[in-house]
1. For the chain, with every protein chain kept in place, what is the accessible area per residue (1.4 Å probe, Å²)?
2. Of the GluC sites (Glu not before Pro) in region 1-87, which ones lie in a loop per DSSP and count no more than 11 other C-beta atoms within 10 Å?
3. Of PRO73, SER23, ILE53, which is farthest on the positive side of the dipole of region 1-123, counting Cα position, with +1 on Lys and Arg Cβ, -1 on Asp and Glu Cβ, and the Cα centre as origin?
4. Can you give me the % of accessible surface on the chain that is carbon or sulfur? Probe 1.4 Å, all protein chains present, nothing else counted.
5. Can you tell me how much longer the chain between GLU171 and ARG68 gets when fully stretched, taken as 0.36 nm per residue apart minus their C-alpha distance, in nm with one decimal?
6. Report the extension gain between ALA80 and LEU139 in nm, rounded to one decimal, defined as 0.36 nm multiplied by the number of residues separating them, less their alpha carbon distance.
7. Pick out the long, greasy-scoring helices in the chain: whole DSSP H runs spanning 24 Å or more along their own axis by Cα, mean Kyte-Doolittle at least -0.5.
8. State whether the chain is rounded, prolate or oblate according to the following rule on the C-alpha gyration tensor (a ≥ b ≥ c being the square roots of its eigenvalues): a/c under 1.5 gives rounded; otherwise a/b larger than b/c gives prolate, and the remaining case gives oblate.
Amino acid sequence: MALSLLAAIDHELGRWNTEVTGSDSMGRRPRFAVLLARPDPAARVRWRPKDPIARLVDFVGSAGYLVRNGHWPEATPTIAEMGMRVELSRSVVGDGSRFIQALRSGKHSMTGRAFQTLVYSQFWTPDTSPDALDVAADLAEPYLVAAHFLTLLMPDHSVAKGHLDRAGWREAYLEWWARHSDSYCPATPRDDAAPPDWLLDP
């Protein structure tokens, strides 16, 4: 039921974006799927943060790049690249890379304030008004809610301490998204500014 609710909200957001702004940066594709990375191989020695909150950080960095440059980045922005944006925007005092890394690893809780700071730092340019940054944070907030929702649903990983067991969650979510798609038009993805595969299928 929880995944069904998220999938319905996902579709509603796509419809709202199309009707109100005239476009949808996700191209009518399952937006919350970007938060659901496939599980790592069981024999992995080092476990990188790929749980919903870590994926949320990566997505905000990518969306900020899209807004600043008019196209999606060719790969996930690095911690150093996102940290540089934090320092340029003066969103936090100190090392911007540490701020990003702490959010991705879960050492710094993804509170509403931390999320707003993250969005501000990645969407900021010298010409961007504070009001526009507030709007960007508000529009991105459903991703924050979805990331926390998914985090609460997933069990802890049996081997990798501090990580979640992501097995099956992406497939289950996409199944619910497909089931709801019949109620929304257009059902086929749009090609304008389509998000890259590395973002849609992490």
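1. 54
2. Taking region 1-87 and a limit of 11 other Cβ atoms within 10 Å, the loop GluC sites (Glu not before Pro) found are GLU74.
3. Checking the options against the dipole of region 1-123, the answer is ILE53.
4. Whole-percent figure for carbon plus sulfur exposure: 55.
5. Full-extension gain reported as 33.9 nm.
6. Going from the current span to full extension adds 18.7 nm.
7. For the chain, where a helix must reach 24 Å along its axis and average at least -0.5, the hits are 52-69, 130-153.
8. It is oblate, given that a/c is not under 1.5 and a/b is not larger than b/c.
The values are calculated or read from the model by the stated rules, or taken from the named source; none is laboratory data. What you are looking at is a predicted structure, and each value in this text was computed from that prediction instead of being measured. When we count neighbours, we look across all protein chains shown, and the Cβ atoms used for this are built from the backbone with ideal geometry, even at glycine. Surface areas here come from the heavy atoms of the whole protein model, side chains and all, with no ligands, DNA or RNA. Shrake-Rupley method; radii C 1.70, N 1.55, O 1.52, S 1.80 Å.
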